[in-house]
Amino acid sequence: MNKEVKNKEINRKEKWKVLDLVYMAVGAVLICVCSWISIPATVPFTLQTFAVFFVLGLLGGKRGTVSIFVYILLGAVGIPVFSGFTGGFARLIGTTGGYIIGFIFMGLEYWAAEKLFGSKLPVRILATVLGTVICYAFGTAWFMVVYANQTGPIALGTALAWCVIPFIIPDLVKMAVAILASMKVQKILHF
């Protein structure tokens, strides 16, 4: 009897490992699809950040971060998963690549917050906001360095005006919708 219970437990764990892989793959695909929905600008307006927020909220920090990493890896090898149906390593090392790479830091911060404080609504909100600030900071620093190498020096105020300020309100709206939607889907899927 004890051996039978042990086998069921092993089967359940293996099943969850397979489901985790499926969830992470679907998360990466969702980010890809949402990045294609774009309004062109210096840094394009996309639903990519909505998808990142949603995937982290739905799958949690660990699986969400892996989904983000898979998405970036797909783009790095040349699959056109970034905004404007682009891909390639050159896109990642370009002026806006820091914002894409910043998603990994956003995921890691979310994962750490979830591990330390749980996944209650206030933690989700604060982790998402802090992760976005980290992504903005990393992406803007990256933008300034790459822009300076390609074109010439740029002031921090100008970089923020081009790359951050126009995105604050839309990102706050995307955060709110993504957090609420991910919690609703979690209840439906019994995560």
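Brief remarks follow.
- Here the condition is being modelled with pLDDT under 95 and part of a helix (DSSP H, G or I); of I188, I125, I104, I168, it holds for I188 alone.
- Condition met for S67 (closer than 18 Å to A127 by Cα, out of contact with any Cys (no Cβ under 7 Å at 6 or more places or on another chain) and not basic (K, R)): yes
- Evaluating G139 against the criteria (1) touching a residue at least 24 places away in the same chain (Cβ under 8 Å); (2) loosely packed, with under 13 Cβ neighbours inside 10 Å; (3) not β-branched (V, I, T) leaves one unmet condition, (2).
- Among the residues making up region 71-97, those that are farther than 18 Å from V52 by Cα and either touching a residue at least 60 places away in the same chain (Cβ under 8 Å) or assigned to a loop (DSSP other than H, G, I, E, B) (or both) are V77, G78, I79, G88, I93, G94, T95.
- Whenever a residue of region 108-121 is basic (K, R), it has no partner that is surrounded by fewer than 20 Cβ atoms within 10 Å (Cβ to Cβ) and at pLDDT 95 or above lying with C-beta atoms less than 7 angstrom away and at least six residues away or across chains.
- The single condition from (1) closer than 23 Å to A51 by Cβ; (2) open to solvent by less than 40 Å² (accessible area, probe 1.4 Å); (3) of a type outside the set (V, I, T); (4) not in a helix (DSSP H, G or I) that G152 fails is (1).
The values are calculated or read from the model by the stated rules, or taken from the named source; none is laboratory data. Since this is a predicted model, take the numbers as computed values, not measurements. No Cβ is skipped: glycine too gets one built from the backbone with ideal geometry, and neighbour counts run over all protein chains shown. Surface areas here come from the heavy atoms of the whole protein model, side chains and all, with no ligands, DNA or RNA. Shrake-Rupley method; radii C 1.70, N 1.55, O 1.52, S 1.80 Å.
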